[in-house]
Amino acid sequence: MRVSTEDQARRGYSIPAQIRECRALAGKNQAIIFADEGLSGDSLDRPALTEMRRRIRAGEIKEVICLDPDRLSRRLLNQLLLTDEFERYGVELRFVNGDYSKTPEGTLFYALRGAISEFEKAKITERMCRGRREKAKQGKILRDFHVYGYDYDRERAALVVNQAEAQVVRDIFRWFLDPPKDAVGLSGIARLVTERGIPTKRGAPRWHRQVVRQILSNPTYIGQFYHNKWSVTPQGIRLRPREEWILVACPAIIDHTTFEAVQTRLEKGHARVSVKLRF
């Protein structure tokens, strides 16, 4: 069984509710509970599902009970893959909401239910993405992205400058262009900020060079926050074409001249850049 935040909001599912209904169908038979809470049904890489499949291959399970086919997976291809796997190991598959028979008609009905579930998921995702894009075009930042130097105002759906963190951001830019002896390069800056006892945005006591690089290359600090920049796919995270990005204005912490000087130096490695800083 599986539940996501979306399922709970849309259909009232919860792990305890699914367990009750599945136990009722199992009757007095001994049952082992496999539950993945808060995980996407698009993937088969889920801890409880993986453990169940392992025990099926080991011959420890003879029957699987789910609330619906989409509790196995949102994707029809994955549903069919799991069904075939269960059959190969002689495992009976049963659903609380509907029967599954191994007749041609039953197989067709099962595939149709899976296709409808996948279509429903795609439509919900499309509507949610469209709604988020429209709000972004209205100048709203839709959630807290934990950008160092800013706090998130939920009521206004906007970033507001955190003055203490903003000063650290200004120092990082200044140190990168005009490094003190104890803060040369990204690693040196990370070490200096750590030694000063300044935590990261998420409260970690130690800064890393990659965190410093992310700050130095983030256009949010010149007032340019971008929505719809990244796309999450089954293959990973990819950068969208620039024409699909949505610019949302926010308060600037760094001036454009300083930011561009830093980008030039990042691109050219350790080339010296002379620039008049304005903080």
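The values are calculated or read from the model by the stated rules, or taken from the named source; none is laboratory data. Quick caveat, the model's predicted, so the values are computed rather than measured. Because the Cβ atoms are built from the backbone with ideal geometry, glycine has one as well, and the counts that use them run over all protein chains shown.
Some points to look at:
- The condition (being among the charged types (D, E, K, R) and closer than 19 Å to A261 by Cα) is satisfied by just one residue among R206, R213: R213.
- Only a single criterion out of (1) assigned to a loop (DSSP other than H, G, I, E, B); (2) closer than 15 Å to I19 by Cα is not satisfied by A48, namely (1).
- Complete set of residues in the stretch 136-190 that are among the aliphatic types (A, V, I, L, M) and in a loop (DSSP other than H, G, I, E, B): I141, L142, V147, A157, A183, V184
- Test: residue in the stretch 170-187 that is β-branched (V, I, T) and farther than 25 Å from A249 by Cα: yes
- In the stretch 157-185, residue surrounded by the most Cβ atoms within 10 Å (Cβ to Cβ) [restricted to those that are more than 19 Å from F145 (Cβ to Cβ), in contact (Cβ under 8 Å) with a residue 60 or more places away in the chain and of a type outside the set (D, E)]: F176
- Looking at D144, D153, just one residue is surrounded by fewer than 16 Cβ atoms within 10 Å (Cβ to Cβ) and in contact with a Phe, Trp or Tyr (Cβ under 7 Å, 6 or more places away or on another chain), and that residue is D144.
- Residues that are surrounded by 13 or more Cβ atoms within 10 Å (Cβ to Cβ) and of a type in the set (V, I, T) number at least 1 in the following strands (runs of 3 or more DSSP E) confined to the stretch 197-259: 246-249.
- Flag if R213 is in contact with a helix residue (DSSP H, G or I) (Cβ under 6 Å, 6 or more places away or on another chain) and at pLDDT 95 or above: yes
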